[in-house]
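Data block below; observations after.
The values are calculated or read from the model by the stated rules, or taken from the named source; none is laboratory data. As the structure is a prediction and not an experimental result, all values here were calculated from the model. Here the Cβ is made from the backbone with ideal geometry for all residues, glycine too, and neighbour counts use every protein chain on show.
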Ligand code: UDP
């Protein structure tokens, strides 16, 4: 694990992440650690406590997290949340059952159809759209409880999905919890992911802003997070200097 802005970041491969999650003994929350999600955590004590607890695994989802860690001298590879989500779907078998919560009704129905077609092995326990009031959603909590899924994927955007998971993680019977942002939109093919060459050039964030200019407002959080990382790198450099002067 590597440390960034107080968070422990997972530093294995995507297959190692799948392994860790599938073999976890206790409940586990997979946090897609992109700058926006981690920034939201820094300003919300409720989710911050969950992100930094033993129940969470934070994956380095984005160049805005990977680059600062590399500047701290760590060798780390990006794991995109959507890639881990797809890998988990690939690795599930009939004994796992899945609940999908999030996106609009229209997107969710296409998504479920696509999942049924592509992942014949997946046992879908239930699903519900994500336009809900997470403070007053007993009917959904009861639906999830009655269906006893082992895994729940929550696609309601950040921080709503992380607040939902933090709030209900203990109460729900699921073992694996993951917030997957706009992944249902991508898998339902109602939104296109960036072409591979853009993803590989670490410019997916720019592609998303150009496609949806309203995202620029949200991008401010990424910039703020980068400033926090610079401060973190500076502090750890100073600490490193102190240690080397004292040895
Ligand atoms: N969404 C939702 N409930 C809400 C707000 C958003 O279910 O109250 C869904 C939205 O329809 C979309 C997803 O959450 O499917 C968020 O997508 P976004 O692109 O914002 O997430 P990102 O991938 O950027 O984290």
Q: Would you check which residues across segment 54-77 are part of a loop (DSSP other than H, G, I, E, B) and closer than 16 Å to residue 180 by Cβ and list them?
A: 61, 62
Q: Look through segment 78-128, keep the residues that are free of Cβ contacts under 8 Å to residues at least 40 places away in the same chain and under 16 Å from residue 179 (Cβ atoms), and return whichever of them is nearest to the chain's Cα centre (by Cα).
A: 89
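Suppose the filter is closer than 29 Å to residue 35 by Cα, within 16 Å of the ligand (Cβ to nearest atom) and surrounded by fewer than 18 Cβ atoms within 10 Å (Cβ to Cβ); does residue 104 pass it?
Details: closer than 29 Å to residue 35 by Cα: yes; within 16 Å of the ligand (Cβ to nearest atom): yes; surrounded by fewer than 18 Cβ atoms within 10 Å (Cβ to Cβ): yes.
Taking the combined requirement at face value, the residue satisfies it.
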Q) For segment 78-124, which residues satisfy the criterion of being in a strand (DSSP E or B) and at negative phi? A) 97, 98, 99, 100, 101, 123, 124
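Tell me the residue from 28, 47 that is touching a strand residue (DSSP E or B) at 6+ places or on another chain (Cβ under 6 Å) and either surrounded by 15 or more Cβ atoms within 10 Å (Cβ to Cβ) or modelled with pLDDT under 95 (or both), please.
So the residue among 28, 47 that is touching a strand residue (DSSP E or B) at 6+ places or on another chain (Cβ under 6 Å) and either surrounded by 15 or more Cβ atoms within 10 Å (Cβ to Cβ) or modelled with pLDDT under 95 (or both) is 28.
For (1) farther than 23 Å from residue 20 by Cβ; (2) within 16 Å of the ligand (Cβ to nearest atom); (3) modelled with pLDDT of 95 or more, each residue gets a yes or a no:
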{"position": "131", "(1), (2), (3)": "yes, yes, yes"}
{"position": "149", "(1), (2), (3)": "no, no, yes"}
{"position": "160", "(1), (2), (3)": "yes, yes, yes"}
{"position": "169", "(1), (2), (3)": "no, no, yes"}
{"position": "177", "(1), (2), (3)": "no, yes, yes"}
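Just to be sure before I move on: is residue 162 in contact with a helix residue (DSSP H, G or I) (Cβ under 7 Å, 6 or more places away or on another chain) and surrounded by fewer than 16 Cβ atoms within 10 Å (Cβ to Cβ) in the structure I sent?
Spelling it out, it is not the case that residue 162 is in contact with a helix residue (DSSP H, G or I) (Cβ under 7 Å, 6 or more places away or on another chain) and surrounded by fewer than 16 Cβ atoms within 10 Å (Cβ to Cβ).
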